[in-house]
Each structure stands twice: as structure tokens, then as C-alpha cells.
Amino acid sequence: MKLLVDTHVILWGLNEPHRISGPAAAAMASSRNQCFVSFASLWELAVKIRKGRLSAQENLPQLIAANPQLTFLPITVDHCWRVRQLPRLHGDPFDQLLIAQALSEEMALVTHDRAMSAYGVPVIAA
């Protein structure tokens with residue numbers, strides 16, 4: 001199964017792995033699954049750091065890339081254009097892009113955000 005890991009779950013994995021639920025941790029650790037981190041998550045982290053809402057290591061992208069379980073997922077034209085089809089249930093544009101990516105790439109989202117399941121994307125509760 002392909003898993004798209006939400007931004008907060010990435011941070012939890014780096015700084016507070018005990019916050020990730022057992023089922024989510026097991027799914028991400030399973031060799032049967034592929035875990036992806038969207039470029040949208042890196043963008044979201046950069047915006048939050050710039051606004052002073054988050055502090056993070058300067059080498060955060062390198063830390064993520066060094067994790068052999070994670071693969072970066074680029075943002076494609078199809079992902080961007082798919083956002084227009086989503087109902088307006090969630091106001092966060094970064095989350096909307098993650099949802100569009102998960103739907104386009106047939107991925108399950110690993111997230112603590114229960115609102116994302118309203119889009120019909122499979123969710124593994126983090």
C-alpha cells in the first residue's frame with residue numbers, strides 16, 4: 001500500500017514518535033508499504049517556520065530525505081488541478097493538496113486530522 005504521511009506526522013516521527021498511534025506506526029514501518037512525503041509538506045513547514053509558528057532544524061529536508069522509509073512525492077499538474085474537484089470541507093490549502101495527491105495516486109493518508117476522511121480518501125489515524 002502507498003501511504004502519504006501528513007505534515008504533523010512527519011514532525012512527530014522526528015521529534016515525538018510516541019505520539020503516532022500504534023496502527024499508523026506499524027503501517028509506516030511495514031516493508032509491504034511505501035511511505036511518501038509530499039513537497040507540499042515541505043512547503044507548509046517552510047511557511048510555518050517563516051511565520052514564526054514553528055521552529056525546526058535547518059536541515060529538516062535532509063533529515064526527512066535520510067529516512068530510508070520515506071520518499072518525496074513531487075507536486076504534479078494533475079495534483080494541482082485535482083484540487084478544483086474537491087468539495088470545500090477543509091480550508092487548509094496544504095491539506096487540500098495532500099488530499100488531491102492521495103486521491104490521484106491512490107494512497108492512504110496517515111494523519112491525525114479526521115476532517116480529511118470526509119473526502120473519501122482512505123485514512124490511517126495517526
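Data overview
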{"item": "Filter result for V77 (β-branched (V, I, T) and closer than 14 Å to F39 by Cα)", "result": "yes"}
{"item": "Residue within the stretch 95-102 that is among the β-branched types (V, I, T), in a helix (DSSP H, G or I) and surrounded by fewer than 14 Cβ atoms within 10 Å (Cβ to Cβ) present", "result": "no"}
{"item": "Where M1 falls short, out of the listed (1) more than 20 Å from E105 (Cα to Cα); (2) touching a Ser or Thr at 6+ places or on another chain (Cβ under 9 Å); (3) surrounded by fewer than 17 Cβ atoms within 10 Å (Cβ to Cβ)", "result": "(1)"}
{"item": "Every residue from the stretch 68-93 that is touching a residue at least 40 places away in the same chain (Cβ under 8 Å) and aliphatic (A, V, I, L, M)", "result": "L70, L73"}
{"item": "Leading residue by the ranking (farthest from P93 (Cα to Cα)) among those in the stretch 38-72 that are small (G, A, S) and modelled with pLDDT of 95 or more", "result": "S38"}
{"item": "Candidate set: the stretch 4-46, residues that are of a type in the set (A, V, I, L, M, F, W, C), assigned to a helix (DSSP H, G or I) and free of Cβ contacts under 8 Å to residues at least 40 places away in the same chain; chosen: the one farthest from E105 (Cα to Cα)", "result": "A46"}
{"item": "Residue match in the stretch 78-86 (condition: in contact with a Phe, Trp or Tyr (Cβ under 8 Å, 6 or more places away or on another chain) and not in a helix (DSSP H, G or I))", "result": "yes"}
{"item": "The stretch 103-120, subset of a type in the set (S, T, Y) and modelled with pLDDT of 95 or more, residue surrounded by the most Cβ atoms within 10 Å (Cβ to Cβ)", "result": "T111"}
{"item": "I75 assigned to a loop (DSSP other than H, G, I, E, B) and modelled with pLDDT of 95 or more", "result": "yes"}
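The values are calculated or read from the model by the stated rules, or taken from the named source; none is laboratory data. Predicted, not measured: the structure shown is a model, and the values here were computed from it. Note that we place each Cβ from the backbone using ideal geometry, even for glycine, and neighbour counts take in every protein chain shown.
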